[in-house]
Amino acid sequence: MTDFFQGIPQIKYEGPSSTNEFAFRHYNPDEVILGKRMEEHMRFAVAYWHSFAWPGGDPFGGQTFDRPWFGDSLALAKLKADVAFEMFDILNVPFYCFHDADIRPEGASFAESKRALDEVVDYLGQKQAAHKTQLLWGTANMFSHRRWMAGAATNPDPDVYAYAAATVKANMDATHKLGGANYVLWGGREGYETLLNTDLKAEREHAGRFLQQVVEYKHKIGFKGAILIEPKPQEPSKHQYDYDVATVYGFLVQFGLEKEVKVNIEQGHAILAGHSFEHEIALAASLGIFGSIDMNRNDYQSGWDTDQFPNNHAEKALAFYEILRAGGYTTGGTNFDAKIRRQSLDPEDLILAHVGGMDTCARALKAAAALLEDGALEKARADRYAGWEKPEAKALLSGSLEDAAAVVTARNLNPEPKSGRQERLENLWNRFI
């Protein structure tokens, strides 16, 4: 045991009336909702990078956190793991997620970094064996080091492509060894800054072949988890190749991967792409590629991805409604890709941020489940499209353009518009929030 979280109790459910800040008011892991325990619905995960690796900097200022495990040695990496699992126990979360650079020190060579990764992975395996918390997904950091300046799989230098392949292989092996439920690829610098020096066709084809190689390797090693891409627009590159769900789906179809790869959708990235979180989830579900989510929120007055903890259950309920409509998670979960503010220096801040986020999500889930169980919204949706259930309507789709035109003439059609009833449905929604 370390003493970093000394004096902080394990967080228990005490109900909505509790005034204890170190308690859940809405997240009750054993509460059954729509036939499933809340813990199984939510599948909460803690992000290693923000909670234990982030030093508290922002674009205008450097480190504000002074953590006892900060440093570049294996001993400190193991101390970081000790503290992490103590936090997981306090929160009673079932999962965590990491990049390789979060858990191991950077070596002077690939071989040295790989040896460090292997040693820390063995240590994490021992921690997992002794604790409840397991690995939701692993991924590779291919954006921070200067070698990734011009991308990884899309880099104009084939040596960097090879280094990226070796890095992903190592991290897929690590994720597989730890029993991870998914492997995520986030193309942090898979984009371009200027067309003056960019070959779009080549970079896209290289990215496509890289992902094909990832899928081939998944099957070779017998990894049963899902391969996920995390869409993100703009930041840090001017134009990212994985801009949003629709862009990613087109990419997957082009390279024959739409049955092999799904998406991990982040609230903040959806907003940066000009969409809503629920839109991206609903679109992914409709395309058959919904996998998992990174839960956070943006500051809507800032122009970048601020990765704040969620605190608006009404906003998040829209997202969880779409997740429930899609049948819920399979291998995915609710990962808190969120960081405390750089002025929040105390260990308690790290715990309470997650408590608030988990409660916000639980309250959102309960509202979404109640509305779905009520059925009124789904009935209204079905009624709006009921005309398409008639045989003559289905014939419009199976026939030709001329057949459809002939129907207009034969029936002297002159259709009048019908109300979408948006305000009535918004009022219905608000009854459950």
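The values are calculated or read from the model by the stated rules, or taken from the named source; none is laboratory data. Quick caveat: nothing in here was measured; it's all calculated off a predicted structure. Please note: Cβ atoms are built from the backbone with ideal geometry, for glycine as well, and neighbour counts cover all protein chains shown. Surface accessibility is based on the protein's heavy atoms, side chains included, excluding ligands, DNA and RNA. Shrake-Rupley method; radii C 1.70, N 1.55, O 1.52, S 1.80 Å.
General remarks:
- Computed from Cα positions, the angle between helix 74-91 and the longest principal axis of the chain comes to roughly 50 degrees.
- Between 0 and 90°, nearest 10: helix 158-177 axis offset from the chain longest Cα axis: 90
- Protein heavy-atom accessible surface, 1.4 Å probe, per residue over the chain: 48 Å².
- Environment charge of A84, counting only residues whose C-beta is closer than 12 Å and scoring Lys/Arg +1, Asp/Glu -1: 0
- 10 Å beta-carbon shell around F5, net charge (K/R +1, D/E -1): -4
- Accessible carbon and sulfur surface of the chain relative to its total accessible area, %, 1.4 Å: 52
- Other-chain or far-sequence residues with amide H under 5 Å of G107's (modelled H): S113
- Q134 long-range amide H proximity, modeled H, under 5 Å: F95, Y96
- Angle in degrees between helix 110-130 and the longest Cα principal axis of the chain, rounded to the nearest 10: 80
- Selected from P347, P415, P68 as most flexible by GNM, with the chain as the system and alpha-carbon contacts under 10 Å: P415
- Lysine pair count for the stretch 333-433 [Cα-Cα under 30 Å; pairs on different chains or 8 or more apart]: 7
- Distance between the stretch 319-359 and the stretch 199-226 - C-alpha centres, whole angstrom: 29
- Separation of alpha-carbon centers, the stretch 230-293 and the stretch 371-391, rounded to whole Å: 27
- Over the stretch 1-102, the hull volume per residue, using the convex hull of the C-alpha atoms, is 148 Å³.
- Couplings 3J(HN,Hα) for the stretch 351-358, derived from phi with the Karplus relation 6.51 cos²θ - 1.76 cosθ + 1.60 (θ = phi - 60°), are 5, 5, 4, 5, 4, x, x, 5 Hz, where x marks Gly and Pro.
- Against the rule of thumb 2.2 N^0.38 Å, how large the Cα Rg of the chain comes out: 1.07
- Rounded to whole Hz, the Karplus (6.51, -1.76, 1.60) HN-Hα couplings of the stretch 365-376, x for glycine and proline: 4, 5, 5, 5, 5, 5, 5, 5, 5, 4, x, 5
- Restricting the stretch 328-433 to trypsin sites (Lys or Arg not before Pro) that sit in a DSSP loop and have at most 14 other Cβ atoms within 10 Å of their own Cβ leaves R341, K418, R421.
- Principal axis dimensions, largest first and in whole angstrom, of the stretch 133-262 by Cα: 45, 30, 25
- Residues with amide H under 5 Å from that of M295, placed H, sequence gap 5 or more: N335, F336, D337
- Mean residue ellipticity at 222 nm, helices only, the chain: -14500 deg cm²/dmol; runs of at least 4 DSSP H residues each add -39,500 (n - 2.57), and the sum is divided by the number of residues.
- Note on the chain: with a GNM built from Cα contacts shorter than 10 Å, the maximum mean-square fluctuation among D157, D403, D244 falls on D403.
- With the simple model of a label 7 Å out from the Cα in the direction of the Cβ, S18 to V253 spans 4.8 nm.
- The phi-based Karplus calculation (6.51 cos²θ - 1.76 cosθ + 1.60; θ = phi - 60°) puts the 3J(HN,Hα) values of the stretch 335-347 at 8, 7, 7, 9, 10, 5, 5, 5, 8, 8, 8, 8, x Hz, whole numbers, x for Gly and Pro.
- Of the GluC sites (Glu not before Pro) found in the stretch 193-295, the ones in coil according to DSSP and having at most 15 other Cβ atoms within 10 Å of their Cβ are E193.
- Computed from the C-alpha gyration tensor, the three semi-axes of the ellipsoid equivalent to the stretch 44-96 are 21, 15, 8 Å, from longest to shortest.
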